[in-house]
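The values are calculated or read from the model by the stated rules, or taken from the named source; none is laboratory data. Keep in mind it's a predicted model, so treat the numbers as computed, not measured. Here Cβ is always computed from backbone atoms with ideal geometry, including for glycine, and neighbour counts include all displayed protein chains.
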Amino acid sequence: MTSQRPLIACATYRKFVEQKSPIEVYGLMPAYTEAVFAAGGLPLLIPLGLDEEALQNVLERVDGLLLPGGGDVAPGYYNGDTADGSVREVDEARDRSELMLVQQALEIGKPLLAICRGHQVFNVALGGTLWEDLLQGMPGSQPHDCGQNGREFLAHTVQLEPESRLARILGAGEVQVNSLHHQGIRALAPPLRPVGAAPDGLIEAVELREHPFAVGVQWHPENLIHVVPSMLNLFRELVLAADAAR
Ligand code: MN
């Protein structure tokens, strides 16, 4: 028997691929699955279109959950401005699926790593709100939508809470991160603990206490594992928690 890698379910998203006529696919950028694999986990993609019971079936059989980045959460889910023109790439089927996944994962104590949009979904699932657009809405916001410089570009620092699990995982009080988002946490959901902040004060990392492992980060650690090697520790910690929870 080979040793069994912990199964990490990864949420996916819908894309349209240009063929003779455009076709719809569900997928994920390879950096996510590569980081999970490099950390000792076995990544599995969850398709969209599953109902609540099927998602529960998935979570009961896997050992951990990863929520990736992507488009904006529909503002209706957080009492936001549904007419805000800066909101983009909304997919309500994806929102419903990921909000259910977060709620179920928390209920059954399944380890969860939530990245970028996932970090925002994590907050909304627990009753928090988002800025529809940081530059237009958040007073004193610095640039966070730095994709034009590439996904490995270190755009700003994040100050970590000294007593946090995240600071221990990353082995530092401050880290350099990439920044590929135009939205962010506005009101933090009460159960979440803010454990990392950008220089402008935006909450870029959260943790849930009383849970084996539930961490959200606003940056993209999967794109940094060769630039800031400690970022792989986030995936290692997810896989370790997943292993311990089976
Ligand atoms: Mn940022």
Margin query: Just to check your reading of the model, which residue among LEU101, LEU106, LEU66 is modelled with pLDDT of 95 or more, outside any strand (DSSP E or B) and touching a helix residue (DSSP H, G or I) at 6+ places or on another chain (Cβ under 7 Å)?
Written below: LEU101
Margin query: Please pick out the residue among GLY85, GLY71 that is in contact with a Lys or Arg (Cβ under 7 Å, 6 or more places away or on another chain), part of a loop (DSSP other than H, G, I, E, B) and surrounded by fewer than 18 Cβ atoms within 10 Å (Cβ to Cβ).
Written below: GLY71
Next item on the list: Would you check if PHE16 is modelled with pLDDT under 95 and in contact with a Pro (Cβ under 8 Å, 6 or more places away or on another chain)?
Entry: yes
Check: In segment 136-155, is there at least one residue being of a type in the set (A, V, I, L, M, F, W, C), part of a strand (DSSP E or B) and within 11 Å of the ligand (Cβ to nearest atom)?
Finding: no
Checklist line | Qualifying residues in segment 199-216 (those that are part of a strand (DSSP E or B) and in contact (Cβ under 8 Å) with a residue 24 or more places away in the chain) - the one nearest to the ligand (Cβ to nearest atom) | finding: GLU204
Check: Quick check: is even one residue across segment 28-46 surrounded by fewer than 19 Cβ atoms within 10 Å (Cβ to Cβ), over 24 Å from LEU224 (Cα atoms) and without any contact (Cβ under 8 Å) to a residue 40 or more places away in the chain?
Finding: no
Notebook entry, point to check: In segment 19-57, what residues are in a loop (DSSP other than H, G, I, E, B) and out of contact with any Pro (no Cβ under 9 Å at 6 or more places or on another chain)?
Noted result: GLN19, LYS20, SER21, PRO22, ALA39, PRO47, LEU48, GLY49, LEU50, ASP51
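Of all residues in segment 14-27, how many are under 17 Å from SER97 (Cβ atoms) and acidic (Asp, Glu)?
Quick first cut of segment 14-27, residues under 17 Å from SER97 (Cβ atoms) only: 14-15, 24-27.
Checking which are acidic (Asp, Glu) leaves us with 24.
Residues meeting the conditions: 1.
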Notebook entry, point to check: If you scan segment 1-13, which residues turn out to be more than 16 Å from LEU99 (Cβ to Cβ) and surrounded by 13 or more Cβ atoms within 10 Å (Cβ to Cβ)?
Noted result: ARG5, PRO6, LEU7, ILE8, CYS10
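Within the group LEU188, LEU238, LEU232, which residue is more than 25 Å from LEU7 (Cβ to Cβ), aliphatic (A, V, I, L, M) and more than 13 Å from the ligand (Cβ to nearest atom)? Spell out how you get there, then give the answer.
Details: LEU238 fails: more than 25 Å from LEU7 (Cβ to Cβ); LEU232 fails: more than 25 Å from LEU7 (Cβ to Cβ).
That would be LEU188, the only listed residue that is more than 25 Å from LEU7 (Cβ to Cβ), aliphatic (A, V, I, L, M) and more than 13 Å from the ligand (Cβ to nearest atom).
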Next item on the list: Return yes when TYR77 is of a type in the set (Phe, Trp, Tyr), crowded, with 21+ Cβ neighbours inside 10 Å and touching a residue at least 12 places away in the same chain (Cβ under 8 Å) and no when it is not.
Entry: no
Notebook entry, point to check: Mind checking which pairs have a first residue in segment 160-179 that is closer than 20 Å to ARG209 by Cβ and of a type in the set (Val, Ile, Thr) and a second that is within 16 Å of the ligand (Cβ to nearest atom) and part of a loop (DSSP other than H, G, I, E, B), Cβ under 8 Å, 6 or more apart or different chains?
Noted result: none
Next item on the list: Go through segment 159-176 residue by residue and tally those that are over 20 Å from VAL121 (Cα atoms), within 16 Å of the ligand (Cβ to nearest atom) and out of contact with any helix residue (DSSP H, G or I) (no Cβ under 6 Å at 6 or more places or on another chain).
Entry: 4
Notebook entry, point to check: Is it fair to say ARG193 is within 14 Å of MET231 (Cα to Cα), among the charged types (D, E, K, R) and either surrounded by fewer than 19 Cβ atoms within 10 Å (Cβ to Cβ) or more than 16 Å from the ligand (Cβ to nearest atom) (or both)?
Noted result: no
Check: Which number in (1) in a helix (DSSP H, G or I); (2) closer than 30 Å to VAL87 by Cα marks the one condition that ALA9 misses?
Finding: (1)
